[in-house]
1. Condition check: touching a Ser or Thr at 6+ places or on another chain (Cβ under 6 Å), outside any loop (DSSP other than H, G, I, E, B) and either hydroxyl-bearing (Ser, Thr, Tyr) or surrounded by 14 or more Cβ atoms within 10 Å (Cβ to Cβ) (or both). Does residue A:66 satisfy that?
2. Kindly indicate whether any position in segment B:100-115 is among the hydrophobic types (A, V, I, L, M, F, W, C), surrounded by 14 or more Cβ atoms within 10 Å (Cβ to Cβ) and more than 14 Å from chain A (Cβ to nearest Cβ).
3. Using the structure shown, decide if residue A:83 is exposed (fewer than 14 other Cβ atoms within 10 Å of the Cβ), within 10 Å of chain B (Cβ to nearest Cβ) and either out of contact with any strand residue (DSSP E or B) (no Cβ under 7 Å at 6 or more places or on another chain) or not in a helix (DSSP H, G or I) (or both).
4. Let me confirm something: among A:204, A:176, which residue is closer than 21 Å to residue A:31 by Cα, out of contact with any strand residue (DSSP E or B) (no Cβ under 9 Å at 6 or more places or on another chain) and of a type in the set (S, T, N, Q)?
5. Kindly evaluate residue B:147 against the criterion of being surrounded by fewer than 21 Cβ atoms within 10 Å (Cβ to Cβ) and not in a helix (DSSP H, G or I).
6. Out of the helices (runs of 4 or more DSSP H) lying entirely within segment B:180-280, which hold 3 or more residues that are at the interface with another protein chain (Cβ under 10 Å from one of its Cβ atoms)?
7. Output the number of residues of segment B:241-267 satisfying the condition of being over 23 Å from residue B:154 (Cα atoms) and either modelled with pLDDT of 90 or more or of a type in the set (A, V, I, L, M, F, W, C) (or both).
Amino acid sequence: MNKPKINIQDLNLYYGKQHILKNINTIIPERQITVIMGPSGCGKTTLMKSLNRLTDLTPDCSVSGKIMIDGQNILNTTEDITKIRKKMGLLAQRPYPLPMSIYNNVAYGLRISGRKKRRFLDKRVEHYLRQVNLWNEVKDRLKEPAGTLSIGQQQRLCLARGLAVDPEIILADEPTSALDPISSQTIEEKFKELKNQFTIVMVTHILRQAKRIADYVIFMYLGEIIEQGPAKDFFENPQEEITKDYLKGLFY
Amino acid sequence: MRLRNFNIGRHLRDRLHYSWMLLVLAITMIVPVALLSGLIYKSSFLLSEQSFFQILFSNQWKPLSGKFGFYPFIISSLWVSVVSLLIAVPICLLTAIHLTQYAKRWVLNLMHPVIDLLAGIPSVIFGMWGILVIVPVISNYIGPLFGKNISGYSILAGAIVLSIMIIPFILNILIELFRHIPTELKETSLSLGATQWQTVKFVLVKKIFPGIVSAFGLGMSRAFGETIAVLMVVGNVVHVPKGIFQPGYPLPALIANNYGEMLSIPLYDSALMLAALILFVIVLFFNFLSRLIIVKSNIHN
């Protein structure tokens with residue numbers, strides 16, 4: 001196992017009085033794909049969003065514990081929250097292109113952090129669009145609104161947009177759930193390539209997808225981590241009864 | 001046998017209900033058409049004697065000698081509506097952004113009934129408030145600030161009163177627009193390192209921009225048609241206003257002040273009907289334009 005990138009200690013999260021995450025303790029290794037699995041409503045997405053503090057957006061959300069990223073506790077920091085968020089690219093369940101052109105979607109993150117030189121932006125935009133295999137499809141229509149792309153193309157655009165701010169971590173929340181099989185495959189293959197450079201955290205409840213790409217698995221149930229470990233051990237030799245039942249497909 | 005009869009009755013009733021609903025629907029659709037054709041018919045008497053463009057662009061309002069120039073009234077209406085919109089736009093936009101993006105949820109929950117309350121106040125009360133508060137404030141404080149000795153009954157007074165009246169209307173639309181933006185879009189922008197203000201400015205406002213424009217279009221058409229509160233504070237002097245401290249005489253005020261009186265003057269009622277027709281068409285135009293923008297942007301997104 002690689003050295004830990006994220007280290008979560010005694011994380012508890014409440015929405016109002018609802019206890020969503022219960023005593024989460026886990027380590028997410030650097031430059032590997034960590035898959036968070038579990039049935040719907042078990043807190044997977046909330047755990048992922050707490051990593052870049054998007055949970056702040058929810059009113060009456062309270063958090064305790066520590067989330068250490070590169071040794072820095074992001075829950076209790078004087079550092080600018082936008083810097084922490086920029087470390088992490090986010091890929092949502094469905095693509096949410098920003099209401100602007102294809103080009104500007106990719107350039108957005110660079111522009112808001114003050115990189116405005118046209119030549120520099122041109123280069124970066126091309127680079128990241130190539131990285132997600134989208135450049136050849138869109139190079140003649142960069143000025144068109146991003147909403148005109150197909151869903152699969154949009155999701156790749158969103159990935160390029162996230163990569164463009166030069167993150168260290170990619171957070172992906174069921175990134176293929178709205179996509180057709182071919183686009184899904186493209187995204188999965190991209191992830192396998194990207195893990196050489198990035199730490200990837202992916203939420204999914206597609207078991208076979210987890211088996212295909214996970215290096216490390218965190219299995220959650222009703223707000224708790226039931227079992228975690230390297231993918232091989234997890235799938236071939238699960239320890240807990242709930243995990244075994246889940247892997248057999250006894251509940252969703 | 002009984003079952004069959006029952007069935008016939010059931011279907012008969014079904015048809016009956018269908019028919020009377022259609023009838024009621026037809027009535028609601030006929031009313032505006034009837035109104036419009038009535039106005040056209042009534043104003044045709046004046047139009048057959050004088051050219052439309054002359055009436056529109058002449059500032060001679062001398063009904064006794066048959067001169068009906070609408071120019072002062074149209075310009076007054078534009079002044080009042082545009083200035084009120086200029087006041088309302090920043091207030092509405094910033095309030096909506098604050099309530100939906102920055103404020104705690106209970107603030108929004110508190111503000112909703114307040115906004116509805118503001119929208120429900122009869123316009124004559126706004127007019128009285130204008131006479132008792134706004135007009136003296138303009139006369140005693142704002143006017144002297146610009147070196148003017150004025151009564152306070154002015155375009156500015158009308159615009160301030162009007163802006164307070166259209167604010168709840170526009171604000172409600174804007175709040176709905178902002179609330180319907182998917183959270184994920186906001187999360188996307190934040191996760192790319194944007195601050196909250198950058199997110200609002202570059203993503204959220206842009207996302208609903210057509211909606212914002214049409215909300216203000218609808219506000220404009222309300223402002224244009226609003227009558228009683230404006231006529232109470234705007235001064236009602238027939239001239240072409242040249243600034244916000246001068247009095248004005250908007251179209252709706254012209255109709256409300258004069259209809260029913262002096263109708264013995266030839267063509268006077270026809271002239272007022274023409275004023276009503278112009279008002280009708282302008283308001284319709286703004287409404288139509290706003291809807292068009294919404295429809296277009298829906299297709300686009």
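The values are calculated or read from the model by the stated rules, or taken from the named source; none is laboratory data. Remember, predicted model here, so these are calculated numbers, not experimental data. No Cβ is skipped: glycine too gets one built from the backbone with ideal geometry, and neighbour counts run over all protein chains shown.
1. Criteria not met by residue A:66.
2. Yes; the residues of segment B:100-115 include at least one that is among the hydrophobic types (A, V, I, L, M, F, W, C), surrounded by 14 or more Cβ atoms within 10 Å (Cβ to Cβ) and more than 14 Å from chain A (Cβ to nearest Cβ).
3. Yes, satisfied.
4. After ruling out the rest, the residue left standing is A:176.
5. So residue B:147 fits the description; yes.
6. B:183-191
7. 4
Table: residues versus (1) out of contact with any helix residue (DSSP H, G or I) (no Cβ under 6 Å at 6 or more places or on another chain); (2) in contact (Cβ under 8 Å) with a residue 40 or more places away in the chain.
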{"site": "B:32", "(1), (2)": "yes, no"}
{"site": "B:48", "(1), (2)": "yes, no"}
{"site": "B:55", "(1), (2)": "yes, yes"}
{"site": "B:64", "(1), (2)": "yes, yes"}
{"site": "B:85", "(1), (2)": "no, yes"}
{"site": "B:103", "(1), (2)": "yes, no"}
{"site": "B:106", "(1), (2)": "yes, no"}
